[in-house]
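K.L.:
Got a structure here, written out as structure tokens. Questions coming.
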Amino acid sequence: MNTLLTKEVILSEEDFQLISDIVYKHCRINLHTGKKELVRARLAKKLRQGNFNSFREYLKYVFADKTGREFSNLIDSLSTNLTSFFREKQHFDFLQDKFLPTIIERKKKNKDYRIRAWSAGCSSGEEVYSIAITLLEALEGQGQWDVKILGSDISTKMLETARKGYYNAERVESVPAHQRNKYLLSKGKNNSKVFEVSKTLKDIVVFRHLNLMESWPLKGPLDFIFCRNVMIYFDKPTQQNLIDRYWDILNSGSVLFTGHSESLTGIKHKYKYVQPTIYMKT
């Protein structure tokens with residue numbers, strides 16, 4: 001019997017530092033000392049599944065895989081993927097009540113019927129589909145529009161879930177009933193009920209695997225960006241670089257949404273503060 005099944009595996013400081021350095025170099029996620037137990041707990045599952053006797057043995061296996069698949073799995077394991085439909089509702093209220101009516105009228109006057117948005121760090125897709133619902137509701141009866149929303153994430157596992165667009169009943173409870181009936185297709189019965197995202201939503205979203213520290217496939221200009229609860233994993237220089245790059249691809253009058261525990265305090269930027277966690281490029 002594998003001893004890992006009967007006793008707790010130890011993550012040495014040396015191995016933790018090695019993992020931390022590798023992850024930082026790859027995607028700038030800052031796994032400081034306070035994250036050591038999280039790293040140990042998440043990767044211990046990998047050790048048990050692969051019958052590895054130590055973290056070092058597991059890491060050697062990861063680096064020996066020339067396909068890069070195992071390294072991607074390691075990153076997936078360490079990524080935090082907490083999300084839900086219409087999470088941090090104040091952002092969607094702002095979109096619905098203030099931002100979208102203004103930008104739609106401006107674009108109509110300019111005969112510009114193109115809207116582009118990005119969910120950077122989209123996890124399992126609920127945020128992207130929430131944006132899609134909000135956009136389609138705002139555009140209803142406004143004629144034909146060219147709308148596309150990019151959902152990107154570093155986790156291939158989460159992107160697979162996002163593309164499929166299947167969510168259990170508990171996950172869609174935060175979607176208002178009339179929108180749930182309109183945009184989510186109910187399948188199964190009672191406790192096994194599952195909801196599939198409608199083709200109407202899937203037609204305006206695109207999911208891509210993307211490391212924010214590398215080159216981006218989109219050039220802009222974008223009308224708004226959701227980058228929520230992503231920057232908390234980065235150090236200040238990395239946050240600074242990311243904020244500057246977002247500025248470069250945002251349109252004038254476009255907005256950047258950050259997470260409720262994030263702000264641009266301590267970062268040099270040209271954004272106009274709109275309200276907590278909402279910033280505009282003027």
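K.L.:
Go through segment 176-219 and report how many residues are in a loop (DSSP other than H, G, I, E, B) and touching a strand residue (DSSP E or B) at 6+ places or on another chain (Cβ under 7 Å).
P.N.:
Filtering segment 176-219 down to residues in a loop (DSSP other than H, G, I, E, B) leaves 176, 188-189, 193, 198, 203-204, 210-219.
Next, from what is left, pick out any that are touching a strand residue (DSSP E or B) at 6+ places or on another chain (Cβ under 7 Å): 188, 193, 198, 204, 210, 212, 217-218.
Final tally of qualifying residues: 8.
K.L.:
Which of the residues that make up segment 224-248 are of a type in the set (A, V, I, L, M, F, W, C) and in contact (Cβ under 8 Å) with a residue 60 or more places away in the chain?
P.N.:
Quick first cut of segment 224-248, residues of a type in the set (A, V, I, L, M, F, W, C) only: 224-227, 230-232, 234, 242-243, 247.
Hits for segment 224-248 are PHE224, ILE225, PHE226, CYS227, VAL230, PHE234.
K.L.:
Would you check if ILE267 is in the same structural domain as LYS148 (by TED's automatic domain parsing) and either closer than 21 Å to THR83 by Cβ or modelled with pLDDT of 95 or more (or both)? Give the derivation first.
P.N.:
Working: in the same structural domain as LYS148 (by TED's automatic domain parsing): yes; either closer than 21 Å to THR83 by Cβ or modelled with pLDDT of 95 or more (or both): no.
The answer is no for ILE267.
K.L.:
I'd like the full set of residues that are under 16 Å from THR200 (Cβ atoms) and in contact with a helix residue (DSSP H, G or I) (Cβ under 7 Å, 6 or more places away or on another chain), limited to segment 118-134.
P.N.:
Taking segment 118-134 as the starting set, the residues that turn out to be under 16 Å from THR200 (Cβ atoms) are 125, 128-134.
GLY125, VAL128, TYR129, SER130, ALA132, ILE133, THR134, listed by residue number.
K.L.:
For residues in segment 8-21 being at pLDDT 85 or above and aliphatic (A, V, I, L, M), which is nearest to ASN53 (Cα to Cα)? Reasoning before the result, please.
P.N.:
Filtering segment 8-21 down to residues at pLDDT 85 or above leaves 11-21.
From what is left, the residues that are aliphatic (A, V, I, L, M) are 11, 18-19.
Details: LEU11: 11, LEU18: 17, ILE19: 17 Å.
Across segment 8-21, the extreme among qualifying residues is LEU11.
K.L.:
A further question follows. Are any residues in segment 20-55 among the basic types (Lys, Arg) and over 28 Å from THR238 (Cα atoms), and if so, which ones? It would help to see each step written out before you state the result.
P.N.:
Start the filter on segment 20-55 by keeping residues that are among the basic types (Lys, Arg), which leaves 25, 28, 35-36, 40, 42, 45-46, 48.
Within segment 20-55, LYS45, LYS46, ARG48 meet the criteria.
For (1) over 21 Å from the mean Cα position of the chain (by Cα); (2) touching a residue at least 40 places away in the same chain (Cβ under 8 Å); (3) outside the structural domain of LYS236 (by TED's automatic domain parsing), each residue gets a yes or a no:
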{"position": "LEU11", "(1), (2), (3)": "yes, yes, yes"}
{"position": "HIS26", "(1), (2), (3)": "no, yes, yes"}
{"position": "THR33", "(1), (2), (3)": "yes, no, yes"}
{"position": "LYS36", "(1), (2), (3)": "yes, no, yes"}
{"position": "ARG40", "(1), (2), (3)": "yes, no, yes"}
{"position": "VAL62", "(1), (2), (3)": "yes, no, yes"}
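K.L.:
Any residue at all in segment 225-236 that's surrounded by fewer than 21 Cβ atoms within 10 Å (Cβ to Cβ), of a type in the set (Phe, Trp, Tyr) and not in a helix (DSSP H, G or I)?
P.N.:
Among the residues of segment 225-236, at least one is surrounded by fewer than 21 Cβ atoms within 10 Å (Cβ to Cβ), of a type in the set (Phe, Trp, Tyr) and not in a helix (DSSP H, G or I), which makes the answer yes.
The values are calculated or read from the model by the stated rules, or taken from the named source; none is laboratory data. None of the values given here were measured: they were computed from a predicted structure. Quick reminder, even Gly has a Cβ in these numbers, built from the backbone with ideal geometry, and neighbours come from all protein chains shown.
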